[in-house]
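Quick notes on the structure that follows.
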Amino acid sequence: MNLFTDAATVAAPEGVWGAIANGAEYFIGIFQEGGVVLFSLIGGILPTLIVLLTAVNALVRLIGPEKIEDLGRKAAQPGLIWYPVRYMVLPVLAVFFLTNPMAYTIGRFLPEAYKPAFYDSAVSFVHPITGLFPHANPGELFVYLGIAAGITTLGFGLGDIAIRFLLVGLVVIFIRGVVTEFITKRMMARRDKAAA
């Protein structure tokens, strides 16, 4: 009998030790799978995200943050003509240039009656913009990537769904902004009436 050629056999752990061993393997497996996902992101979306973030920051510096803030002040004007500016243009520019969560700070230039509606519009746009501009909301990118994985599995391209997602998002944020402004103004009027 040669000790070096015979393969050692060890029975698989059973009982409590078996459960502990299986738990330990499962636990480390979670981190191993996380490493696989991280490695795939490093070779996939992360370089694109970093370049996009750099380009947008450069664009903001070229345009000047004060010009973006001036648009916020202009959008605060009353009248129906300012609804699309207040609840479509301003939230889109805020989310694109300032990204989530800084986009909401543009609302500081609006009167109190418009702030909840602007916030509703901006917060509702952080997902629709992700398909075309993932830098705007990288923390929630997994939502779009989950949808994208299903679409590519079916053999369809991502451009079409990204554009549709963006267009539907524009309609939704406009409706939400107008409705929220209406509700806010009614609630403020009731509060003022009750205080009088």
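Against the test of being open to solvent by 60 Å² or more (accessible area, probe 1.4 Å), closer than 20 Å to Leu132 by Cβ, among the β-branched types (Val, Ile, Thr) and at pLDDT 80 or above, the options Val89, Val16 yield a single qualifying residue, Val89. Residues that are surrounded by 14 or more Cβ atoms within 10 Å (Cβ to Cβ) and either over 30 Å from Lys115 (Cβ atoms) or at pLDDT 85 or above (or both) within the range 138-161 comprise Leu145, Ile147, Ala148, Ile151, Leu158, Ile161, listed in sequence order. Applying the set (1) assigned to a helix (DSSP H, G or I); (2) buried (at least 18 other Cβ atoms within 10 Å of the Cβ) to Asn100 leaves exactly one unmet item: (1). Please verify whether the range 53-75 includes one or more residues that are modelled with pLDDT of 80 or more, surrounded by 14 or more Cβ atoms within 10 Å (Cβ to Cβ) and assigned to a loop (DSSP other than H, G, I, E, B). No, every residue in the range 53-75 fails to be modelled with pLDDT of 80 or more, surrounded by 14 or more Cβ atoms within 10 Å (Cβ to Cβ) and assigned to a loop (DSSP other than H, G, I, E, B). A Cβ distance below 8 Å, combined with a sequence gap of six or more or placement on separate chains, defines the contacts here; from the range 24-41, residues that are part of a helix (DSSP H, G or I) reach no residue that is at pLDDT below 85 and not β-branched (Val, Ile, Thr).
The values are calculated or read from the model by the stated rules, or taken from the named source; none is laboratory data. Note that this is a predicted model, so its numbers are computed, not measured. Counting neighbours? That spans all protein chains shown, and the Cβs are built from the backbone with ideal geometry, glycine included. When the accessible area is computed, the model is the full protein with side chains, heavy atoms only, and any ligands, DNA or RNA have been set aside. Shrake-Rupley method; radii C 1.70, N 1.55, O 1.52, S 1.80 Å.
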